[in-house]
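The structure under discussion appears below in the form of structure tokens.
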Amino acid sequence: MKRLIALLALCGAFALGATAHAEDKPAAAPVAAAPTDAKPAAEAPAPAAAPAAAPAAAAAPAEAAPAAPVANKGDTSWMIVATLLVIMMAVPGLPLFYGGMVRSKNMLSIMMQVFVTFSLLGMLWCIYGYTLAFTEGNAFFGGFTKLFLKGVTPDSGAATYSKGVVIPEFIYIAFQMTFAAITPTLIIGSFAERVKFSAVLLFMVLWFTFSYLPIAHMVWYWAGPDAYTSAAAGDAATATAGFLFQKGAIDFAGGTVVHINAAMAGIVGAFMIGKRVGYGKEAMAPHSLTMTMIGASLLWVGWFGFNVGSNLEATGTATLAFINTFLATCAATVAWTFGEWIVKGKPSMLGAASGAIAGLVAITPACGFVGVMGAMVIGLLAGVVCLWGVNGLKKMLGADDSLDVFGVHGVGGILGAILTGVFVSPDLGGTGVYDYVANKVADFDMTTQVISQLWGVGTSVVWSGVVSVIAYFIVDKTIGLRVSEEDEREGLDTSSHGESAYHA
């Protein structure tokens with residue numbers, strides 16, 4: 001517990017430090033990355049699904065109002081495919097990846113926790129999650145105007161990152177639904193093999209409501225590009241955006257919203273729930289690295305939906321996100337493999353698979369903003385730094401983070417979020433930052449952008465950490481977090497679900 005308090009104190013100091021430095025220099029303007037084609041690129045992964053705005057310049061009274069934008073069939077088709085790819089990540093990709101790393105007696109429990117959590121939170125997203133994340137409210141939460149998806153029809157449009165371009169709001173909702181439902185399932189890896197199924201579900205509902213939704217709103221909600229018609233209109237639109245959007249933080253596909261957010265919940269849980277029975281004394285080797293490799297491969301393929309789909313359009317920027325995601329993952333796999341080979345004397349399949357995930361995590365916030373060589377550097381650094389995260393840092397913290405969620409998603413997410421502010425620079429091959437008022441790439445200041453990124457990192461760390469402590473406490477005091485020692489030794493497959501993954 002002392003280590004947990006120390007970790008939260010350190011995170012708090014970090015966030016305060018980032019805040020103090022940010023006061024010295026104005027935060028980056030909330031504008032988007034420069035396009036690689038004729039259209040402006042994304043400012044953050046999947047922006048607010050603000051209904052497409054009509055052109056702000058009012059026509060003469062005698063003229064007819066311009067027709068509302070119509071979704072392009074190619075963009076719509078791509079978003080349907082991207083959404084399916086992310087679903088494949090969650091089921092079956094993540095359950096196989098996690099399931100192979102636990103002992104055989106807990107294989108089904110991990111798969112069950114991921115499968116049902118994903119399904120439950122998908123329901124909650126449509127009931128109240130979407131409206132709290134992606135409608136106008138305050139800087140931290142949206143409003144209730146689309147509770148139960150009220151008012152959304154097949155003809156409703158959601159803004160993209162290009163002026164006058166929309167996609168159907170239903171596919172935007174579904175795409176963001178996959179993000180909202182898969183993010184909490186990442187947390188499961190930190191407390192695998194020892195938590196009650198009922199406790200998992202209750203914690204997920206609390207954390208989804210009070211951590212995922214506000215951070216998604218803070219980072220990704222904005223009024224859409226059509227609102228930026230003049231400096232005054234842009235200022236007014238920005239005033240309605242999320243807190244971190246206003247600070248200028250950019251996150252293409254979820255470095256803060258998904259990875260740092262979930263990793264903090266995971267490490268807090270590892271501390272508060274305690275170590276597995278026999279941890280450090282008994283063998284707890286992965287029971288099926290074959291399953292883990294299959295799961296990692298499905299995650300890699302599905303991640304293209306995650307990252308490339310976050311562009312919301314089938315444009316040149318989408319192809320940049322594609323090749324960056326591909327290359328960074330290759331680089332991280334190679335870096336982790338050779339790093340482990342040097343340090344431990346032998347390269348392992350588990351290490352290669354972990355390296356791939358580390359690269360995917362680190363490139364997520366940067367994929368649509370950085371140049372191809374910048375993506376490779378991020379991947380190489382992620383492989384080495386996350387290798388340290390699951391070995392050196394894990395020993396320093398002393399927590400039983402069962403499947404190294406913090407070492408990969410936390411460390412990789414923080415690294416990627418900060419480096420996004422560096423490699424977005426046009427001088428380093430990045431896209432730059434796009435000014436929707438001037439309709440051109442803005443003058444770039446790396447220091448300002450990195451400070452904006454630190455705002456995103458620090459806010460995510462502290463917000464998720466505090467919410468997680470409270471949520472675990474509530475669950476523990478109401479229904480209890482852990483299974484009994486007897487049930488844990490028997491295995492959660494049998495004791496919690498009455499079935500077995502394998503039969504002799």
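Overview of values
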quantity	calculated
Evaluation of Phe210 against (1) among the aromatic types (Phe, Trp, Tyr); (2) in a helix (DSSP H, G or I); (3) buried (at least 24 other Cβ atoms within 10 Å of the Cβ) (one fails), failing number	(3)
Residue within region 180-201 that is in contact with an Asp or Glu (Cβ under 7 Å, 6 or more places away or on another chain) and small (Gly, Ala, Ser) present	yes
The one condition in (1) surrounded by fewer than 24 Cβ atoms within 10 Å (Cβ to Cβ); (2) at pLDDT 95 or above; (3) not basic (Lys, Arg) that Glu282 fails to fulfil	(2)
Residue satisfying condition, being over 15 Å from Thr292 (Cα atoms) and buried (at least 24 other Cβ atoms within 10 Å of the Cβ), within set Ala139, Ala159	Ala159
Of all residues making up region 393-422, the number that are in contact with a Lys or Arg (Cβ under 9 Å, 6 or more places away or on another chain) and in contact (Cβ under 8 Å) with a residue 24 or more places away in the chain	8
Within region 436-504, helices (runs of 4 or more DSSP H) holding 2 or more residues that are small (Gly, Ala, Ser), surrounded by 15 or more Cβ atoms within 10 Å (Cβ to Cβ) and modelled with pLDDT of 95 or more	446-478, 492-497
Test result for Val308, modelled with pLDDT of 95 or more and over 19 Å from Val405 (Cβ atoms)	yes
Boolean, Asp226 is of a type in the set (Asp, Glu), free of Cβ contacts under 8 Å to residues at least 60 places away in the same chain and out of contact with any Pro (no Cβ under 6 Å at 6 or more places or on another chain)	no
Failed criterion for Cys386 (all others in (1) part of a helix (DSSP H, G or I); (2) buried (at least 24 other Cβ atoms within 10 Å of the Cβ); (3) within 16 Å of the chain's Cα centre (by Cα) hold)	(3)
Within region 221-276, considering residues that are crowded, with 24+ Cβ neighbours inside 10 Å and hydroxyl-bearing (Ser, Thr, Tyr), the one farthest from the chain's Cα centre (by Cα)	Tyr228
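The values are calculated or read from the model by the stated rules, or taken from the named source; none is laboratory data. Just so it is clear, the model here is predicted, and its values are computed rather than measured. Methodologically, a virtual Cβ is constructed for each residue, glycine included, from the backbone with ideal geometry; neighbour enumeration extends over all protein chains shown.
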